[in-house]
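Accompanying notes for the structure given below.
The values are calculated or read from the model by the stated rules, or taken from the named source; none is laboratory data. Predicted model, so just to flag it, every value in this text is computed and none were measured. Heads up, the Cβs are rebuilt from the backbone with ideal geometry, glycines too, and the neighbour counts pull from every protein chain shown. In case anyone asks, the SASA skips ligands and DNA or RNA and just uses the protein heavy atoms, side chains included. Shrake-Rupley method; radii C 1.70, N 1.55, O 1.52, S 1.80 Å.
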Amino acid sequence: MKILLVKTSSLGDVLHTLPAVTDLSRVHPDWELHWLLEPAYASMAALHPFVRRVWPFSLRDLKGHWWHAPQALRHLRRELRREGFDRVLDSQGLVKSALLARLPGVPVLGLDRASAREPMACRSYSRTAAVSWELPATERNRRLFAALLDYAKPQGRPEAQLQVPPAGAARLVLEDCQPFVWGFHGSARANKLWPPEHWARLAEQLALRDLHLVMPAGNAAERERVEALAQRYGNVRLLPPLPVTDILTLLPYARAFVGVDTGFSYLASAVDLRGVTLYGPTADEQSPYAPWQQTVCSPRACATACGRHGCVVSTPFSACMTAIAPEQVLAALTPLLED
């Protein structure tokens with residue numbers, strides 16, 4: 001069986017899909033799996049040993065150059081049909097992913113109307129399966145794969161099975177900040193951010209343990225936040241700009257991580273790095289890869305069920321994330337640092 005998987009983005013979504021790929025590889029090791037996704041995440045998907053080929057394609061880029069879209073889609077359709085796939089599995093459940101899933105011209109499998117993010121996408125599917133929204137994202141993907149590809153979902157904890165390459169020269173950026181804890185503070189959604197003063201309190205406590213706090217920055221605003229912290233605390237380090245695959249190779253060199261609900265937190269979990277993930281307006285999606293994983297959820301009653309992209313409570317940062325006290329995070333982190 002030759003299958004094309006369509007899960008285009010984001011980093012977190014891609015990482016949440018890897019354990020399902022691992023399950024499939026163990027149940028049907030003789031099958032061939034290809035993966036169609038955004039170019040930014042292609043190198044990550046290629047690190048799974050069962051993924052035969054990745055197909056980088058960006059609908060996002062075409063938004064700014066819409067006149068190129070027909071030609072680009074025709075070219076992709078021609079190349080996909082040349083591969084001779086037997087099935088397409090769209091685990092994204094969006095109209096755009098369903099559009100791409102139809103290009104190979106073979107039956108498309110996907111989520112049913114109650115389970116997909118955009119129910120209209122289901123019109124493109126020849127077969128669907130229901131998966132509860134109450135489940136963590138990793139488990140949703142594992143059950144979807146099993147239901148649509150007709151096998152019993154393997155038991156046990158999920159495994160990403162990423163083949164992490166050696167760090168090489170990238171390790172030099174960490175020479176002056178050992179030992180350290182990763183601080184994954186950035187998110188595309190402002191209401192998932194943890195306030196800078198809370199990060200400051202964490203940095204202060206880590207300094208008492210002779211630990212550095214290393215923080216990547218994906219944009220100017222994130223860089224400014226880290227630089228402001230670094231001016232106050234000598235143990236805070238801004239990670240220089242690096243490709244995601246380079247950051248992946250550096251993850252295991254830390255003692256642990258603290259992160260908001262963002263792709264890097266899930267990436268760290270995927271390589272079995274112990275750590276703490278913070279949840280406010282979003283549900284706890286952390287289906288731990290590693291035994292040493294902790295989640296801290298906001299104590300506010302409006303948290304997790306909210307799901308909003310903005311907070312109706314007027315504060316500089318969302319009320320639910322502000323309510324996660326540094327002491328809560330330190331209490332969860334401390335046992336992970338002691339072993």
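Dipole magnitude for the range 1-107: computed about the Cα centre from +1 point charges on Lys and Arg Cβ and -1 point charges on Asp and Glu Cβ, it is near 380 debye.
Relative to the dominant Cα principal axis of the chain, helix 220-232 is inclined by about 20°. The magnitude of the dipole of the range 112-238, with charges of +1 and -1 set on the Cβ of Lys/Arg and Asp/Glu and taken from the Cα centre, is near 500 debye. A simple spin-label model places pseudo-atoms 7 Å from Cα toward Cβ; at Glu175 and Arg123 they are separated by 6.0 nm.
Do any chymotrypsin sites (Phe, Trp or Tyr not before Pro) in the range 126-227 lie in a DSSP loop with no more than 13 other beta carbon atoms within 10 Å, and if so, which? The qualifying sites are Trp133. If the segment from Lys2 to Arg189 were pulled out straight at 0.36 nm per residue, it would be longer than the present Cα-Cα gap by 63.7 nm.
Accessible surface computed residue by residue for the chain, with neighbouring protein chains in place and a 1.4 Å probe, gives 44 Å² per residue. Share of pairwise Cα-Cα distances greater than 20 Å in the range 1-131 is 42 percent (whole percent). Carbon-plus-sulfur accessible fraction, the range 83-136 (probe radius 1.4 Å, protein heavy atoms only): 50%.
Seen against the Cα atoms of the chain and their longest principal axis, helix 137-148 is set at about 20 degrees. Helix 196-208 and the longest principal axis of the Cα set of the chain meet at an angle near 60°. For the range 110-180, the average shadow cast by the Cα convex hull is 8.4 nm², which is a quarter of the hull's surface.
Residue-wise HN-Hα couplings along the range 33-42, as the Karplus relation 6.51 cos²θ - 1.76 cosθ + 1.60 with θ = phi - 60° gives them from phi, are 10, 10, 9, 9, 7, 4, x, 4, 10, 4 Hz; Gly and Pro carry x. In terms of its C-alpha gyration tensor, the chain comes out prolate, because a/c is 1.5 or above and the ratio a/b outweighs b/c. What residues qualify as long-range amide H neighbours of Arg189, i.e. H under 5 Å apart, gap of 5 or more or another chain, H built at 1.01 Å from N? So Arg189 has HN proximity to no qualifying residue.
Across the range 77-93, rounded Karplus estimates of 3J(HN,Hα) from the backbone phi angles (6.51 cos²θ - 1.76 cosθ + 1.60, θ = phi - 60°) give 4, 4, 5, 5, 5, 5, 6, x, 6, 8, 8, 10, 10, 9, 9, 8, x Hz, Gly and Pro being marked x.
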